[in-house]
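Heads up, the thing below is written out as structure tokens.
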2 protein chains.
Amino acid sequence: MGDNLLSTGHSSRLFERVYDYIINRIERGEWKEHEKLPSVRLLAQEMNVHRLTVFKAYQLLKQNRKVYVKDKSGYYVYPDSIMSINDSKDLITSSYLQKNHLSEIHRVPVTYQFSQALIDPNLLPNLYMSEYVKKVFDLYPKVLGTYSTVQGDEELREALCEYFLKRHRFHISADELLITSGAQQAIDLISRIVIKPKDTVLLERPSYSAAIDAFQQQGAHIVPVDIYPDGYDLEQIELYMRQLKPRLFYLNPTFHNPTGYTVPSGQRKRLVELAEQYKCLLVEDDPFHDIYFDEEPPLPLFSYDTEGYVMYIRSFSKYVAPGLRIAAVATRSSLMKHLLNAKSLADNGTPLLNQKIFLHYFSSVRLQQHLEKLRIALHIRKEIMEEELAGTGWKWVSPKGGLNLWIKIPETLPMKSLLERSFDQSISFVPGTICDPLREPNSWVRFSYSYINEQQLRDGVKRFVELSQGLESSF
Amino acid sequence: MGDNLLSTGHSSRLFERVYDYIINRIERGEWKEHEKLPSVRLLAQEMNVHRLTVFKAYQLLKQNRKVYVKDKSGYYVYPDSIMSINDSKDLITSSYLQKNHLSEIHRVPVTYQFSQALIDPNLLPNLYMSEYVKKVFDLYPKVLGTYSTVQGDEELREALCEYFLKRHRFHISADELLITSGAQQAIDLISRIVIKPKDTVLLERPSYSAAIDAFQQQGAHIVPVDIYPDGYDLEQIELYMRQLKPRLFYLNPTFHNPTGYTVPSGQRKRLVELAEQYKCLLVEDDPFHDIYFDEEPPLPLFSYDTEGYVMYIRSFSKYVAPGLRIAAVATRSSLMKHLLNAKSLADNGTPLLNQKIFLHYFSSVRLQQHLEKLRIALHIRKEIMEEELAGTGWKWVSPKGGLNLWIKIPETLPMKSLLERSFDQSISFVPGTICDPLREPNSWVRFSYSYINEQQLRDGVKRFVELSQGLESSF
């Protein structure tokens, strides 16, 4: 709603003046947490602007979690995001404590596992991998006696450079790559070197839950950017970049988690231009690039970056070997040296063994064969899930890749009871709230079709649909 | 110097009043960075206390880096520690950037590697390890297709509990253990959950360089605690705990890095009592416990902890398999749940493969045999280094375990030139400044005898001694 209002042609200078006026007073503490703000009418009078301008400013402030609305009685100052994190009552009180919401759901053991966007271990190349492990020990007998460099094994980085050039037209050298222990570590390191408390961060709405957690942990001021089946509202993004001067925009433009949407090429190029213009770092997370069903997705944003405004995170854990935890970060920016420092403080380098095993499998022809089979298997599982959901009347956009369906369930279904009853029936899924950067309640759910086998998939979805219908009719 | 003054029986209430008076004004910003403070005489007059009381307060403030002394002209307000970190001039400016000082030295490739406290890969059980790897793949064919839980493999945690009970009398259960990717990650996670900017942290002086970096990165106010061959000055520690209310004391009481000193049992018990009394978390880093030459060191502090005031970090990377990166954190405190959250945001769990390989080697009889041989080999290397240094007149305390000699070289030797010339001659070592929590210049150096073989050790130390003597006579 705020979006459409904001993207009209109305004078943005007046808007900015009002927005800044309010935010400055909040940030300077003149207007305090939970204090009621002047009414739209009063402020418009005081500042000699149209009421609509004030209204829009309040709407954006609300979206940015600077103000909230209570019982329609007016606008109030939102409590400081860092302070609200710090609600621990421990013996030894802690500081920037933050939950990992997703992993709390994953802790519940269930048969019908729809909550983890992981690939069924039976679809992974387990047998082959153990061969590569033997090869690694023959080639590098002291691999376990040796630390990796902090940046990562050079042989692996060289191999990845070659791959990225051939496949995505990345012109990078090995010193522009960092090997991390999974994409999660990459996100964490980037948030730590770039974000300080109250910095603005743009996140897709919905977004990857653990990324939301990581940026919140740094005390970021999170501003959501809606993602649609055909991409973003670029005018909205430009407005945010101009008005809010975000430090970074974390995005997952290819088979987006959780929606499965893919941002088209034209928007990708334009986004890189905007990033340069407004000096906003784009952090492109791309774990599903190879998990397409029919055709390859567009080139990553990083392919269009020449000025160092894109950091590209590519995880290989998901579809090669989750047990290895290998991801790479590519960046042309001067931030690499800071990433290296952060990585060295975080864990002194990813284990060498894991990098070498990955290298040898990754460089083999078998990987391509594995991927082709994997795509077919996942495509079939996606279709099974869609078949079982077909009669429900629920809405989703059929994804062309990735591991998830993002489903709109009836608003009459109470999410909390739905989740509890699902757990009781050994079913897990991800409630949409967890994927919302503002953690607002909604009636979306994420179902991953990648983890359990075809029969279980059918049974599990059937059970869930029955359970939902039972719950709905009981209200 | 300040220590002796502070541990006298002089009225501590007056002292506290003066100390608090000054610190409050600095913290409230009434006395600003680099502003000159009232003279000892003036403040004593104003507060109606003895000059010695004011002098002592200034000495402690100086030690705590709240004030500094310039040209004997008086005391000045020390610049804010967080601000001074933030000196980056990047395109996209970063926030809490911090160097890892040690890893910068390690980046220089040399033949005579005395700077890395690592064990010569030739002394590690490489051959055996590859057998265990094969065993792991036989036992768990899908080990690479599976993520570990965030807390770490349960089988490994159970095995470690048993080991800790038998060996150190730790009464803990598997849910009081977290598996991390090396001790470095453990330190980083703990600093992130416990420390917020300006919190006071006690660190030994000297200390492990990467730990200093990790706490500085969190914006901690670091207060050094001297370590001596026979332990700490416990009165000093109690004074600091009472006055400065530190959040934690990071310590390495067994074959301490870099000095090799071991804190005696009596002090260990007392420290745990003090920690409880003043609610200060003790973070006990214990990577060298098994690297003793003659007799086993005293029990870890954790053995005396009943109230959750000790976190115990035990790295196994060093002497089993650096390439695996396996460490464990034991804690009885309620902070475990926060550690789990931090770990899950940091990397979602240590790779399962690495944990399983470690488990099978760790549980074998071979480990004990390996350790016995390793101790002898390291003991010999230590003695070779001491022999080669015997004629120099330099001072060190012969360590009873660990990997390092901590050597006092002549004050007339300019450290910077010494390091540069050493690099030129393919020798590396760690200058004492890097190990000083305050990074003040000193004339100590850390030489690790664990990494290069016996002949190289002799040659390298000879070269270094010649080079030093040449440099000294040229001044």
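Any read-out appearing in this document is the output of simple, stated calculations on the displayed coordinates, not a laboratory observation. Please read all numbers here as calculations on a predicted model, not as lab measurements. All Cβ positions, even for glycine, are placed from backbone atoms using ideal geometry, and neighbour counts span all protein chains on display.
For the reader, a short list of remarks on this structure follows.
- In segment B:126-364, taking the dipole from charged Cβ atoms about the Cα centre, the farthest positive-side position among B:V150, B:T262, B:G323 is held by B:V150.
- For A:M336, A:M47, order by how many other beta-carbon atoms lie within 10 Å, fewest first: A:M47, A:M336
- Likely footprinting exposure, A:H221, B:H34, A:H50, B:H338, fewest C-beta neighbours within 10 Å first: B:H34, A:H50, A:H221, B:H338
- Residue among B:Q355, B:L282, B:L160 farthest towards the positive dipole end of segment B:126-364, charges placed on Cβ: B:Q355
- For B:349-359, mean number of other protein chain Cβ atoms within 10 Å: 5
- Using the Cβ-Cβ distance between A:I380 and A:E466 with R0 set to 22 Å, the FRET efficiency from 1/(1 + (r/R0)^6) comes to roughly 0.40.
- Counted residue by residue at 0.36 nm each, then reduced by the alpha carbon distance between them, the extension gain from B:H34 to B:K166 reaches 42.0 nm.
- Candidate lysines - alpha carbon under 20 Å from B:K373, same-chain residues fewer than 8 apart omitted: A:K142, B:K318, B:K382, B:K400
- Counts of other chain beta carbons within 10 angstrom of each beta carbon in peptide B:316-326 average 5.
- Note on B:L371/A:S364: beta-carbon distance plugged into 1/(1 + (r/R0)^6) with R0 of 51 Å gives a FRET efficiency of 0.85.
- Cβ-to-Cβ counts within 10 Å put A:D213, A:D199 in ascending order as A:D199, A:D213, the fewest first.
- Helical contribution to [θ] at 222 nm, DSSP H n ≥ 4, -39,500 (n - 2.57), averaged over chain A, rounded to 500: -13500 deg cm²/dmol
- Here's the picture: a label point sits 7 Å out from the Cα of B:E155 along the beta-carbon direction, and within segment B:360-393 the residues with their amide nitrogen under 17 Å of it are B:360-365.
- Descending semi-axes in whole angstrom, ellipsoid equivalent of the protein assembly as shown, from the Cα gyration tensor: 47, 38, 26
- Counting from the shortest, the label point at A:G266, 7 Å from Cα toward Cβ, is 8.2 nm from the same position in each remaining copy.
- Other residues within the sphere of radius under 11 Å centred on the Cβ of A:I227, judged by their own Cβ, net out at -3 (K and R +1, D and E -1).
- For chain B, a crude dipole built from +1 on the beta carbon of Lys and Arg and -1 on the beta carbon of Asp and Glu, taken about the Cα centre, is about 800 debye to the nearest 20.
- Residue by residue along B:137-144, Cβ atoms of other protein chains within 10 Å of the local Cβ number 6 on average.
- The B:Q277 and B:L52 beta-carbon pair, evaluated with R₀ = 30 Å, returns a calculated FRET efficiency of approximately 0.60.
- Under Karplus coefficients 6.51, -1.76 and 1.60, residue-wise ³J(HN,Hα) of segment A:243-253 in Hz, glycine/proline x: 7, 9, 6, x, 6, 7, 10, 8, 9, 9, x
- Principal-axis tilt of helix B:51-63 within chain B, Cα atoms, nearest 10 degrees: 30
- 3J(HN,Hα) along segment B:416-423, derived from phi through the Karplus expression 6.51 cos²θ - 1.76 cosθ + 1.60 where θ = phi - 60°, amounts to 4, 5, 4, 5, 4, 5, 5, 4 Hz, with x in place of Gly and Pro.
- Beta bridge orientation in the protein assembly as shown: antiparallel %, DSSP, nearest 5: 55
- Once the chain from B:Y21 to B:E307 is taken as fully extended at 0.36 nm per residue, the excess over their C-alpha distance is 99.6 nm.
- Percentage relative contact order, segment A:126-364, counting C-alpha pairs under 8 Å, at least six apart: 27
- Relative contact order computed over chain A (Cα-Cα under 8 Å; 6+ residues apart), in percent: 19
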